[in-house]
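Structure first, then comments.
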Amino acid sequence: MPDILCPTCGAALTLGSRQWLCPKGHCFDVARQGYVNLLPVTQKHSLHPGDTREQVVARRTFLEAGVYEPLAQAVCQAARRYGKNAKAILDAGCGEGYYSAQIARALPRAALYGLDISKDAVRLAAGRYKSGTWICGTAAHLPFPSGSLDLILSMFALTVPEEFHRVLTPGGVYLQVLAAEDHLLGLKKIIYPELLRRQKDVSPDLPGFALVERRPISFSFTVEGPQIQNLLAMTPHFWRITREGAQRLAALSCLTDRASAVLCVYRPV
C-alpha cells in the first residue's frame, strides 16, 4: 500500500489509533465515519468547497437506484481489462463512493483510496463503504508519493494530468469519464430557454499520456417523482438553473432522457 503524505510538510503519515501523524508532529484526526481531512485552508479556495450535503445525498439516492448502472459496468470492464494487476486504486473526485465501491469489487485485490474536495461527500462514502481509505483533499495536490498508484479513476471530475502522471506507476492506467455534448439533452431542454451548442473535446490530449482506447457510452433512462430533482442536483445545472427552469422541472412527474458519456483509457508515457 502506498504512503499517505502530510499535506503540510510532505512526510509520510502513520496511522495511530484515531489519528494520522507525521514525524514533524503534524496531526490529522480520523473522523467518526472513518475519513481523514487532508485539505489545508490554502487549498480550499472557498469556505465549503465541492458538492453540498444536499447534492451528495441526491446523488447517492439516484445512483443506488441503478439508473447509471451501464456506465458503472463499462468502467469496471475497463478496470479489469487494463488494471487487472493493480495493487492501489485512486478514485479522484470520488463523491459519495458509488463508483469507488464498484471498481473495488471489480478489482478486489487492490487497495482502494477515495479522494474528494467535498467533506460531505467523503463523509458519506466513509460511512457506507468501510473497505476503502477516504480522504478529503484535492486532485491538484494528491497526498501520495510519485509512482505509487496503479490505477486512477475520474468520473465527471477534475483532471490534473501532471499530478496524475506523477503518482501513477510507469505501467499504470488512467480511466477518465467525461460527459458528451448530448448528455442529458432532455433535462437541458426543460430547464433552459434555449440550448447553446459548444464544441466539446471528450478525448483530450493529456501531457504525459497516450490514449489507448476511447469508448462512447450512451443509454436511455426514465425517472419519476423525486428522482428528477435528484438528477438535477448531481449535475452542474444545479448551480445554473433559473427560477423559471426550476418551475418547469418541478411540474414534471416523469422524465425520459439519455445519458451520453465517453470513457477514455490513458497510459503514462
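The values are calculated or read from the model by the stated rules, or taken from the named source; none is laboratory data. Quantities reported herein were computed from a predicted structural model and do not represent experimental measurements. Cβ: placed from backbone, ideal geometry, glycine included. Neighbour counts: every protein chain shown. What goes into the accessible areas is simple: the full protein's heavy atoms, side chains included, and nothing from ligands, DNA or RNA. Shrake-Rupley method; radii C 1.70, N 1.55, O 1.52, S 1.80 Å.
Table for the structure above
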{"item": "Considering only the chain, percent of DSSP beta bridges that pair antiparallel, nearest 5", "result": "60 percent"}
{"item": "Charge dipole magnitude, Cβ of K and R +1, D and E -1 - the chain, Cα centre, debye nearest 20", "result": "320 debye"}
{"item": "Ranking by accessible area, most exposed first, for Thr159, Thr242 with a 1.4 Å probe", "result": "Thr242, Thr159"}
{"item": "Count of Lys pairs (Cα-Cα under 19 Å; at least 8 positions apart or interchain) in the chain", "result": "5"}
{"item": "Under 5 Å, built H, 5+ apart or other chain: amide partners of Glu96", "result": "none"}
{"item": "Per-residue ³J(HN,Hα) for region 52-62, Karplus 6.51 cos²θ - 1.76 cosθ + 1.60, θ = phi - 60°, Hz, x for Gly and Pro", "result": "7, 4, 4, 5, 5, 5, 4, 5, 4, 4, 5"}
{"item": "Estimated vicinal HN-Hα couplings, Hz - region 98-114 in sequence order (Karplus 6.51, -1.76, 1.60; Gly, Pro = x)", "result": "4, 5, 4, 5, 5, 6, 5, 5, 6, 10, x, 8, 8, 6, 9, 10, x"}
{"item": "Listed residue (Ile117, Val57, Ala106) projecting farthest to the positive dipole end of region 55-164, Cβ model", "result": "Ala106"}
{"item": "Extreme residue, positive dipole direction of region 107-225, given options Ile135, Phe164, Ser154 (C-beta unit charges)", "result": "Ile135"}
{"item": "Other-chain or far-sequence residues with amide H under 5 Å of Ile117's (modelled H)", "result": "Gly137"}
{"item": "Sparse-neighbourhood loop sites, trypsin sites (Lys or Arg not before Pro) in region 117-208 - DSSP loop, at most 14 other Cβ within 10 angstrom", "result": "Lys130, Arg197, Arg198, Lys200"}
{"item": "Dipole axis of the chain (+1 Lys, Arg; -1 Asp, Glu on Cβ), positive-most option in Leu13, Phe144, Leu211", "result": "Leu13"}
{"item": "Descending semi-axes in whole angstrom, ellipsoid equivalent of region 171-269, from the Cα gyration tensor", "result": "32, 14, 11"}
{"item": "Solvent-accessible surface ranking, highest first, for Ser146, Ser218 at 1.4 angstrom", "result": "Ser146, Ser218"}
{"item": "Accessible carbon and sulfur surface of region 155-223 relative to its total accessible area, %, 1.4 Å", "result": "53 percent"}
{"item": "Hz values of 3J(HN,Hα) by residue in region 21-30 - Karplus curve (6.51, -1.76, 1.60), Gly and Pro given as x", "result": "10, 10, x, 8, x, 6, 10, 9, 6, 8"}
{"item": "Neighbourhood net charge (15 Å Cβ-Cβ; Lys/Arg +1, Asp/Glu -1) for Ser218", "result": "0"}
{"item": "Sum of side-chain charges, Asn85 neighbourhood, beta-carbon under 13 Å (Lys, Arg +1; Asp, Glu -1)", "result": "+4"}
{"item": "For the chain, calculated [θ]222 nm from helices alone, where every DSSP H run of n ≥ 4 adds -39500 (n - 2.57)", "result": "-8000 deg cm²/dmol"}
{"item": "Cys with no candidate disulfide partner in the chain (beta-carbon separation under 4.7 Å rule)", "result": "Cys9, Cys27, Cys76, Cys94, Cys136, Cys254, Cys264"}
{"item": "For region 1-141, size of Cβ-based charge dipole, Lys and Arg +1, Asp and Glu -1, in debye", "result": "380 debye"}
{"item": "Cβ charges +1 (Lys, Arg) and -1 (Asp, Glu), total dipole of region 178-269, debye", "result": "100 debye"}
{"item": "Exposure rank, largest accessible area first [His183, His165; 1.4 Å]", "result": "His165, His183"}
{"item": "Pairwise centroid distance, computed over Cα atoms, of region 64-111 with region 208-269, Å", "result": "19 Å"}
